[in-house]
Amino acid sequence: MGDNKILPLSEAIRKFVEDGDTLALGGWVITRCVVASVHELIRQKRKDLTIYQALSGLDTDLLVGAGCVSRLVTSGGTLDAFGLLNRVNDAFSKGKLLVENNSALGMATRFLAGSLGLPFLPTRAILGSTIMHELEEAKAGVEMKCPFTGENVVLLKALNPKTAIIHVQRADKDGNAQIDGPVWDSQAMAGAADKILLTTEELVERAQITNNPERTIIPAFKVASVSVVPFGAYPTSCYKYYDYDAEQLRNYSEVSLDADKFGKYVEEKVLAHEDFQSYLDVACPYPRREEIKARPGRGY
Amino acid sequence: MIVAGARALKDSDLVLVGVGLPQLAAMLARKTHAPNLRIALEIGIIDPAPIDTPVGIADPRLWHQAEFMGGTLDVLGSILQRGRVNVGFLSGAQIDQYGNLNSSIVLNEAGKPRRINGSGGANDVASLAKETILIMRHERRRFVPQVHYVTSPGYLKGYHERTKIGLSGGGPKMVITNLCVFTFDQGTERMMLHSLHSGVTPEEVKANTGFQIDIPSDLKTTPIPTSEELDLLREVIDPKHVYIGKSN
């Protein structure tokens, strides 16, 4: 029972992501970001992508900075205390990136609509704000009076990304995935997408899934590929596996303020490597990996 | 600011917090007068008990020992939109006289738009919490007559426009800054000065505010933090002093 969808990440990206695609990225700010996948998208020079992500983070900033993205549908994003998404903000200032602003509940609702096969779902948020005007202009939001209660609500157009790329803690070879910790909108995102590409910390046997089927957050049937990439979210955190690397995030934040420095960063950390493992061996050698590993009593 | 925010929370409240000062205020309230205060985070967390200072909502330190870990819809939908959040704490790059916040796009000196962090759950909290408390650093460039971009609606253009638009949340109750506390006039829905922090003059408030401020005849002084509150903040809640010590 169960297919074998294991692929090297480079092959998964080559096979399943084309220029101009709509991609949902499964990270949130600086946690469980799909960094390995983004490195590969940059190496393969994907262009003109539309990214859907409720809270944009390191993965999006890298991808936008590398020139792969023309449109970003998001509620905003940061690197938390490490700084803003400087490459996203810079691309927006220069007119190179179209940003469609939403609220976090708005994004989750749009993914939910998409995952339920509905054309829209309403929200009570967003009314009266500038986000409302922008959604109206983008034809993604419409005010309406509820036919039952007469209350004002906003209808939000469903999001159905062609592909969702999500990093998970455990998956079997068929693509049944377990996620530890908060899932933010990963579930609805997976439900809304036409297909899903997974990177996973650990590959597990089917029995681990079937013994705990209620722990399957993403069922396998829409998963197109499973790539085993330990530390695949590095330098962002992966709950119960490892902390974020504060030093690397500080460095990235500083570098991302300047286009030339960012260019060099991409050269050194992404393009110079043939795969993510090679980048990790330099950026996060074994002793450092031990330092940031999650352990009880560390408070994270 | 943190202490004033903490004191505004009640024991029976459910508060939705972002990282930084709001989180510290909620933790302080829990350790002092509101031990039953419930805390929810938009990433899908209910009632964490952090033991180390987190850098943001995405920091697993902030999720430590949570009683519930789910998704955004569980918190911003089933709790916030469902009408169960008593207090939402908000901040922003700019605030205007009707308590509208801008955390999305500011204009630089040349009038060019510059993105900052955006809404995240801020618009949702501003729209849907029963009431909000706004925490702002008090600077003239932040306190503007009208924000360029309404990320988080306060009273919009005032005079009950918020009610007419049909937002289900009640709107801002107070604004806490490093200089003073504001409340809102019931009729005009404009910000009005409520109390000055100890040692602050009305002139200082006016100089740092980009719109007209009337000085009420019954202007109060904000009660000062107790040593117990300060010790809790310094030793227990923000042991790394990431947030406190910056004139908070």
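Only the coordinates and a few stated rules stand behind these numbers; no lab work does. Since the model is a prediction, treat every value here as computed from it, not as a measurement. All Cβ positions, glycine included, derive from the backbone under ideal geometry; neighbour counts span all protein chains shown.
Miscellaneous remarks
- Spatial offset of the stretch B:2-27 relative to the stretch B:191-248 amounts to 15 Å, using the alpha carbon center of each.
- For the stretch B:115-248, the convex hull spanned by the alpha carbon atoms encloses 141 Å³ per residue.
- The simple spin-label model puts a point 7 Å past each Cα toward its Cβ; for residue A:277 and residue B:164 those points are separated by 6.5 nm.
- All other residues whose Cβ lies under 11 angstrom from that of residue B:59 are scored, Lys and Arg at +1 and Asp and Glu at -1, for a net of -2.
- Along each principal axis, Cα extent of the stretch A:205-300, largest first, Å: 50, 37, 23
- Three semi-axes of the equivalent ellipsoid, the stretch B:25-149, Cα gyration tensor, whole Å, largest first: 29, 15, 15
- Rounded to 5, the percent of DSSP beta bridges in chain B classed as antiparallel: 50
- Two-decimal log10 I(q)/I(0) for the stretch A:102-207, as the Debye equation yields it once each C-alpha is a single scatterer, q = 0.17 Å⁻¹: -0.80
- Residue among A:238, A:146, A:68 with the largest mean-square fluctuation in a Gaussian network model of chain A, springs linking Cα atoms under 10 Å: A:146
- Applying both filters, DSSP loop and at most 12 other Cβ atoms within 10 Å, to the GluC sites (Glu not before Pro) of the stretch B:95-179 gives B:109.
- Entries of A:45/A:264; A:96/B:112; A:240/A:269; A:15/A:96; A:269/B:112; B:10/B:130 with Cα pairs more than 24 Å apart: A:240/A:269; A:15/A:96; A:269/B:112
- Ranking B:63, B:94, B:121 by how far each Cα lies toward the positive end of the dipole of the stretch B:59-189 (charges on Cβ) leaves B:94 at the top.
- Per DSSP, loop trypsin sites (Lys or Arg not before Pro) in the stretch A:243-300 with at most 14 further Cβ within 10 Å: A:298
- DSSP-assigned coil residues among GluC sites (Glu not before Pro) in the stretch A:219-275, each with at most 13 further Cβ atoms within 10 Å: A:274
- Cα→Cβ-extended label distance, 7 Å offset, between residue A:116 and residue B:108, nm: 4.4
- Computed FRET value (nearest 0.05) for residue B:228 with residue B:139, which takes r as the C-beta separation and R₀ as 30 Å: 0.50
- By DSSP, the beta bridges lying fully in the stretch A:69-209 are antiparallel in about 50 percent of cases.
- Relative contact order (%) - criterion: Cα under 8 Å, at least six apart; region: the stretch B:2-237: 17
- Per residue, the protein assembly as shown reaches -6500 deg cm²/dmol at 222 nm when only DSSP H runs of four or more residues are counted, each adding -39500 (n - 2.57).
- Relative contact order of chain A, defined on C-alpha pairs under 8 angstrom at six or more residues apart (%): 20
- Values of log10 I(q)/I(0) for chain A across q = 0.12, 0.15 Å⁻¹ run -0.76, -1.17, by the Debye formula with one identical scatterer at each alpha carbon and no solvent.
- The phi-based Karplus calculation (6.51 cos²θ - 1.76 cosθ + 1.60; θ = phi - 60°) puts the 3J(HN,Hα) values of the stretch A:212-222 at 9, x, 6, 8, 6, 8, 10, x, 6, 4, 9 Hz, whole numbers, x for Gly and Pro.
- The fraction of all Cα pairs in the stretch A:74-151 landing in successive 10 Å bins from 0 to the largest distance is 16, 40, 31, 10, 2, given as whole percents.
- Across the protein assembly as shown, the volume of the C-alpha convex hull divided among the residues equals 147 Å³ per residue.
- Pairwise Cα distances in chain B exceed 27 Å for 33 percent of all pairs.
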